[in-house]
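The values are calculated or read from the model by the stated rules, or taken from the named source; none is laboratory data. Predicted model, so just to flag it, every value in this text is computed and none were measured. Cβ sites come from the backbone with ideal geometry, for glycine too, and all protein chains shown count toward neighbours. Side chains included, ligands, DNA and RNA excluded: accessible areas come from the protein's heavy atoms. Shrake-Rupley method; radii C 1.70, N 1.55, O 1.52, S 1.80 Å.
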Amino acid sequence: MTLITCDNVALGYGSRVVVDGLNFTVDEGDYLCIIGENGAGKSTLVKTLLGLQKPLRGKILLNGLNAGDIGYLSQQTAIQKDFPASVNEIVLSGCLARKKFLPFYSAQDKEIAATNMERLGVQSLADRSFAELSGGQQQRVLLARALCAAKKILLLDEPVAALDPEATADMYKIISQLNQDGITIIMISHDVNEAIGRAKHVLRLGKKIFYGTSEDYHA
Amino acid sequence: MLETITMYLEYPFVINALIVGVLIALCSSLLGVTLVLKRFSLIGDGLAHVAFGALCVATVLHMANKMLLTLPITVICAILILRGGQNAKIRGDAVIAMISVGSLAFGYLIMNVFASSANLSGDVCSTLFGSTSILTLTEQEVWLSVILSILMVAAFVLFYNKIFAVTFDEDFARAARLNVDFYNLMISIVIAIIIVLSMNLVGSLLISAFIIFPALSAMKLFKTFRAVTICSVILSVVCAFIGIAISILGGTPVGSTIVAVDALTFGLCFAVNKFGGVAA
Ligand SMILES: Nc1ncnc2c1ncn2[C@@H]1O[C@H](COP(=O)(O)OP(=O)(O)O)[C@@H](O)[C@H]1O
Ligand SMILES: [Mg+2]
């Protein structure tokens, strides 16, 4: 089943077009890797897919998805060093997307949070302070939060940008595992070789837009 | 000592002052954590100066109920400052500085030119540093502050999880379809209301200390959002209680005394964080 269809879309801010003539689709269970130079519009595309901004032209069709069903891991989250928050509090906040008007977390929400913490191997950190974790641990926590928001599809904006090589390899492994579990992945990456090796489709933004399978990209 | 305290507690005005003072401390500390973490610590300061300017205008106009002017103006400025903070072209702190210094200057100027009061500097001083009006509260005012505080606490508890999400990570909250702008707007409006209502107690210069000290102290002691929020409320309430008690016993100005107690508490928390074992 096709989840997302981008039909001749132009992205940008106000009158400034950043990306034009964008066509691609994302199927259920897909693993799409988006690459391109700094400023090519990768984050802009992600924000548009999330519905945080509107495309300048063209249509983005979400099939069987509400915009809030998409789990999101933002690029360099501007979270402050001294923010007092436990891992548990942060992961639980991912459940808010489904709550709408209910003020408190239910037992089911807590279960979902616990499951996702376990999935990403951070359950032992549940009561720790987020600020005191390593970069790799922090990304896992934020990924667990994104999973609470959405079971179907994840949008990851440079999830390994600030990680050391070991944590990077770890992160890629986790993401592949999630994809094998049936979660659709859209990931932005700088690290072309490693990322594309695992992806099924590649979208390159820039002067010449490329969209195709990762085998075709290498050829 | 104890006798003096029991003697004072027999006066209803002392009880009233304690009730209202503690309630203001409670309400102002609830959102303090959020403001500090959102790097909006100075919004309280800026708004307090705006409220001062508006109060000066109201005084000059001989308005019977000065709140009718100060409240709307302060709320509007709260919204403007917030919008400015989101606009990358003018930095948030610059907007706050502009509005706050501007209204302070205009307020004093207007008072000077138009006011007929013989005791101008006394009037200005009590607006800036709080007056003794907390000791002359009517029963009606006490009830009003009790009701407002209950509403405030209830709203905070109901929206607690959303306030956390919006404070921690606005982008994610937006992606999760929370109405981030609405919550930011509500936070500013509530802060503006608290500032106007508590100006009588601590005065406009000291109100932001009232908002941020308990939050900063609590952040020295605890590392989770819930613990920090609860701790800052408790610290704020206890400090206000002690401050008011000291000021009644020692005849010191109420606002300054409370803030002095807040500052000492912060020093204590800082020392505990630095040299002692830190609570988890
Ligand atoms: N909020 C914004 N307003 C206006 N222009 C923006 C905004 N955010 C990004 N841009 C511009 O859009 C272009 C693409 O940015 P972005 O999508 O962040 O690139 P990437 O993520 O690929 O590095 C850049 O030239 C950037 O300057
Ligand atoms: Mg980017």
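The residues of the range A:184-215 that are buried (at least 19 other Cβ atoms within 10 Å of the Cβ) and within 16 Å of ligand 2 (Cβ to nearest atom), listed by number, are A:Ile186, A:Met187, A:Ile188, A:Ser189, A:Ala195, A:Leu203, A:Arg204, A:Leu205. Of all residues in the range B:244-266, those being surrounded by fewer than 16 Cβ atoms within 10 Å (Cβ to Cβ) and either hydrophobic (A, V, I, L, M, F, W, C) or modelled with pLDDT of 95 or more (or both) number 3. Within the range A:149-177, the set of residues being more than 16 Å from ligand 1 (Cβ to nearest atom), open to solvent by less than 60 Å² (accessible area, probe 1.4 Å) and touching a strand residue (DSSP E or B) at 6+ places or on another chain (Cβ under 7 Å) comprises A:Ala149, A:Ala150, A:Ile153, A:Leu154, A:Ile175.
Within the span defined as the range B:2-24, every residue fails to be surrounded by 14 or more Cβ atoms within 10 Å (Cβ to Cβ) and more than 30 Å from B:Leu235 (Cα to Cα). Picking from residues in the range A:55-68 that are away from every other protein chain (no Cβ under 14 Å) and not charged (D, E, K, R), the one that is most open to solvent (accessible area, probe 1.4 Å) is A:Leu61.
Counting only residues that are part of a loop (DSSP other than H, G, I, E, B) and open to solvent by 10 Å² or more (accessible area, probe 1.4 Å), which one in the range A:39-49 is nearest to A:Ile196 (Cα to Cα)? Restricting to residues being part of a loop (DSSP other than H, G, I, E, B) and open to solvent by 10 Å² or more (accessible area, probe 1.4 Å), the top hit is A:Ala40. With respect to the conditions (1) closer than 16 Å to A:Ile209 by Cα; (2) within 16 Å of ligand 1 (Cβ to nearest atom); (3) surrounded by fewer than 21 Cβ atoms within 10 Å (Cβ to Cβ); (4) not hydrophobic (A, V, I, L, M, F, W, C), A:Asn8 falls short on a single one, namely (2). Screening the candidates B:Arg83, B:Arg39 for the property of being open to solvent by 20 Å² or more (accessible area, probe 1.4 Å) and in a helix (DSSP H, G or I) yields one hit, B:Arg83.
Please go through the range A:17-46 and give me each residue that is farther than 13 Å from A:Arg204 by Cα and either within 14 Å of chain B (Cβ to nearest Cβ) or more than 16 Å from ligand 2 (Cβ to nearest atom) (or both), ordered by number. Correct list: A:Val17, A:Thr25, A:Val26, A:Asp27, A:Glu28, A:Gly29, A:Asp30, A:Tyr31, A:Thr44, A:Val46. Taken over the range A:79-98, residues that are at the interface with chain B (Cβ under 8 Å from one of its Cβ atoms) and modelled with pLDDT under 85 amount to 4. Strands (runs of 3 or more DSSP E) fully within the range A:109-219 that include at least 2 residues being within 20 Å of A:Val26 (Cα to Cα) and free of Cβ contacts under 8 Å to residues at least 60 places away in the same chain: A:210-213.
Here's the yes/no breakdown for (1) of a type in the set (A, V, I, L, M, F, W, C); (2) within 14 Å of ligand 1 (Cβ to nearest atom); (3) exposed (fewer than 13 other Cβ atoms within 10 Å of the Cβ); (4) part of a strand (DSSP E or B):
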position	(1), (2), (3), (4)
A:Val26	yes, no, no, yes
A:Gly29	no, no, no, no
A:Cys33	yes, yes, no, yes
A:Glu37	no, yes, yes, no
A:Ser93	no, no, no, no
A:Pro103	no, no, yes, no
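The single condition among (1) farther than 24 Å from B:Asp123 by Cα; (2) open to solvent by less than 30 Å² (accessible area, probe 1.4 Å) that B:Phe241 does not meet is (2). I'd like to know if the range A:152-174 contains one or more residues that are charged (D, E, K, R) and either over 29 Å from A:Asp191 (Cα atoms) or within 16 Å of ligand 2 (Cβ to nearest atom) (or both). Yes.
How do the helices (runs of 4 or more DSSP H) wholly within the range B:126-221 filter down when requiring 2 or more residues that are within 14 Å of the chain's Cα centre (by Cα): which remain? Quick ask: steps written out before the conclusion?
Values: elements: B:139-168, B:170-175, B:180-202, B:207-221.
Of the helices (runs of 4 or more DSSP H) lying wholly inside the range B:126-221, those with at least 2 residues that are within 14 Å of the chain's Cα centre (by Cα) span B:139-168, B:180-202, B:207-221.
Filtering the range B:212-220 for residues that are open to solvent by less than 10 Å² (accessible area, probe 1.4 Å) and more than 14 Å from chain A (Cβ to nearest Cβ) leaves an empty set. Based on this model, can you work out whether A:Val87 counts as β-branched (Val, Ile, Thr) and within 14 Å of ligand 1 (Cβ to nearest atom)? It is false that A:Val87 is β-branched (Val, Ile, Thr) and within 14 Å of ligand 1 (Cβ to nearest atom). Going through (1) surrounded by 18 or more Cβ atoms within 10 Å (Cβ to Cβ); (2) more than 18 Å from the chain's Cα centre (by Cα); (3) within 12 Å of ligand 1 (Cβ to nearest atom) one by one, A:Val17 falls short only on (1).
Going through (1) within 14 Å of chain B (Cβ to nearest Cβ); (2) within 13 Å of ligand 1 (Cβ to nearest atom); (3) open to solvent by less than 40 Å² (accessible area, probe 1.4 Å); (4) among the hydrophobic types (A, V, I, L, M, F, W, C) one by one, A:Leu52 falls short only on (3). Among the conditions (1) in contact with a Leu (Cβ under 9 Å, 6 or more places away or on another chain); (2) charged (D, E, K, R); (3) not in a helix (DSSP H, G or I), B:Asp262 misses just one, which is (3).
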